[in-house]
Amino acid sequence: MTLHILVEGASERAFLSRWAGRLLKAHPIRIHPHQGKGRLPTDLAARPDPRRRGLLDQLPATLRGFASSSQPHHVVVLVDADDDDPSALSSAIAKAAHAVAPALEVVVRVAVEETEAFYLGDLNALARAYPEADMALASSYEPDSVCGTWELFARVIGDGGENKTAWAEAMGQVVTTAPRRSRSPSFRSLATALVELLPPVPAAAQKRRSWRHVARTNRRR
């Protein structure tokens, strides 16, 4: 079963293609970038406006497409909270998903405030990716706070060029795959959800043979 992750744009795809690939190993993943966040349509049943290419603009039509497929799918929707209330945003997306595709398993996760919160949540990874980073400033960041997260990350690494895709590529290779090691609650929630969507490992594969090799000796009697 393929895991589909819907994201806002190129930087999220760059991060997840590296990080989720390490987390989920050989499990098939498809990451679908959009042109920004967008807004949920007022009329969920209407055909999407082709001029609006944001994730939420296209979400009802996208989910209907997955639901009509003969193949089973898991779908994860990952968006930035930005100025929205994270709980209200997540609830609205989940409600819309259930309305347009009630039989489809859709998991909604919100990065608080922005995806850069995931990077700042792992100080060890940050130091590995950017050895010259201002770690004192990074340590002062309150995880998942609303503070202009991407701007703060830019100051931490000394890059004011808004090179978000480059940041994502660098951090995606080193950010922890162990949720408990991250300071970011929204990151931990995402990582846990992805792992829980994987099919269970067969019991036979979980069993490991316990034995001890005994060296042979040639002894004369």
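The values are calculated or read from the model by the stated rules, or taken from the named source; none is laboratory data. These figures come from a predicted structure and were not determined experimentally. Don't worry about glycine lacking a Cβ; one is built from the backbone with ideal geometry, like all the others, and counts go over all protein chains shown.
General observations
- Taken as a whole, the structure places Pro143 among residues that are assigned to a loop (DSSP other than H, G, I, E, B), in contact with a Lys or Arg (Cβ under 9 Å, 6 or more places away or on another chain) and farther than 23 Å from Ala10 by Cα.
- Residue that is modelled with the lowest pLDDT [pool: residues in region 145-200 that are among the charged types (D, E, K, R) and more than 22 Å from Asp82 (Cα to Cα)]: Glu196
- In the set (1) under 19 Å from the mean Cα position of the chain (by Cα); (2) over 22 Å from Pro143 (Cβ atoms), the condition left unmet by Lys95 is number (1).
- Within region 91-140, the set of residues being part of a helix (DSSP H, G or I), buried (at least 21 other Cβ atoms within 10 Å of the Cβ) and in contact (Cβ under 8 Å) with a residue 60 or more places away in the chain comprises Ala117, Phe118, Leu120.
- Hey, Phe153 free of Cβ contacts under 8 Å to residues at least 60 places away in the same chain, surrounded by 19 or more Cβ atoms within 10 Å (Cβ to Cβ) and within 15 Å of Gly121 (Cα to Cα) or not: yes
- Set side by side, the residues Phe66, Phe15 differ, and just one is within 27 Å of Thr165 (Cα to Cα) and in contact (Cβ under 8 Å) with a residue 40 or more places away in the chain, which is Phe15.
- Residue in region 57-79 that is acidic (Asp, Glu) and buried (at least 19 other Cβ atoms within 10 Å of the Cβ) present: yes
- Residue in region 165-183 that is surrounded by fewer than 22 Cβ atoms within 10 Å (Cβ to Cβ), more than 15 Å from the chain's Cα centre (by Cα), over 26 Å from Leu24 (Cα atoms) and not acidic (Asp, Glu) present: no
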